Amino acid sequence: MKTVRAYYFSNKEKRLRHGDGRKIRKGVTHTFQGEPRLCCQGLHGSIKPLNALRYAPGPIIWKVELSGEMDIGDDKISAQNRKYIEGIDGTELLRKFARMCALDVVDKIKPYTSEADYDLIVKYLKTGNEDLRSAARSAAWSAARSAAWSAAWSAAESAAESAAESAARSAARDKQNTRLKRMIDNAMRAKS
């Protein structure tokens, strides 16, 4: 029987959703009786953790093995069986991941904010210091609004650049996925 390694997120209660309620635990295999169909029925997971994150109902990250009959899509798989290999509470890991992704592009808002606000935003993103969070968020939103207006005006002038922008977004997603996978793998290794 073919198995596929994947990622799955659960809520803090570690229970299946949609009225199922079965408990999720390391080593347990849940089974679905019927034909798996993406978004409709079956036990889901994603090969890339960034794709799994899109469907996350909570911060608990699981490495899983999917098996049995499967419906395979672009960003997720629905299967008859899902075995839970390892799980961690990813709350802090996901916050750090989000800050690291923001650091990748923070220079984009620099022209739209004061030097002091920019430094505050960068300091928060690098440290995660909760005392800076509210002020950094306010400064970032102000800069983002200014940048959005500027981008809207320039978009009318640069429609031809859209293919290049699409390629850049794809490369950024690949980089983010690699980063998230590495962070999850390291956290799970440290737990063991």
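Between segment 24-44 and segment 54-106, the alpha-carbon centres lie 15 Å apart. Backbone amide hydrogens, once placed in the peptide plane, bring Glu86 within less than 5 Å of Lys63, excluding anything fewer than 5 places away on its chain.
Cβ crowding within 10 Å ranks Tyr55, Tyr124, Tyr118 as Tyr55, Tyr118, Tyr124, fewest other Cβ atoms first.
What the phi angles of segment 18-32 give under the Karplus curve with 6.51, -1.76 and 1.60, with θ = phi - 60°, is a coupling list of 6, x, 6, x, 4, 6, 9, 9, 4, x, 7, 10, 8, 10, 10 Hz, glycine and proline written as x. Report, in listed order, any pair from Lys12/Lys110; Lys23/Lys123; Lys2/Lys96; Lys110/Lys175; Lys108/Lys191; Lys2/Lys126 with a Cα-Cα distance greater than 32 Å. Violating the 32 Å limit, Cα to Cα: Lys12/Lys110; Lys23/Lys123; Lys2/Lys96; Lys108/Lys191; Lys2/Lys126.
Binning the alpha carbon pair distances of the chain at 10 angstrom intervals from zero yields the distribution 8, 28, 28, 21, 13, 2, expressed in whole percent. When the trypsin sites (Lys or Arg not before Pro) in segment 105-135 are filtered for DSSP coil states and for at most 16 other beta-carbon atoms within 10 Å of their beta-carbon, no site remains.
In degrees, nearest 10, range 0 to 90: what is the angle between the Cα axis of helix 130-155 and the longest Cα principal axis of the chain? Long axis of 130-155 versus the principal axis of the chain: about 80 degrees.
Each Cα pair under 8 Å and six or more residues apart adds its separation to the average, and for segment 3-89 the resulting relative contact order is 40 percent.
Checking the a/c ratio against 1.5 first, then a/b against b/c, what shape does the Cα gyration tensor give for segment 3-89? Rounded, since a/c falls under 1.5.
We did not get these values from a lab; they are worked out from the coordinates using the rules stated. Note that the structure is a prediction, hence the values are computed from the model and not measured. Note that we place each Cβ from the backbone using ideal geometry, even for glycine, and neighbour counts take in every protein chain shown.
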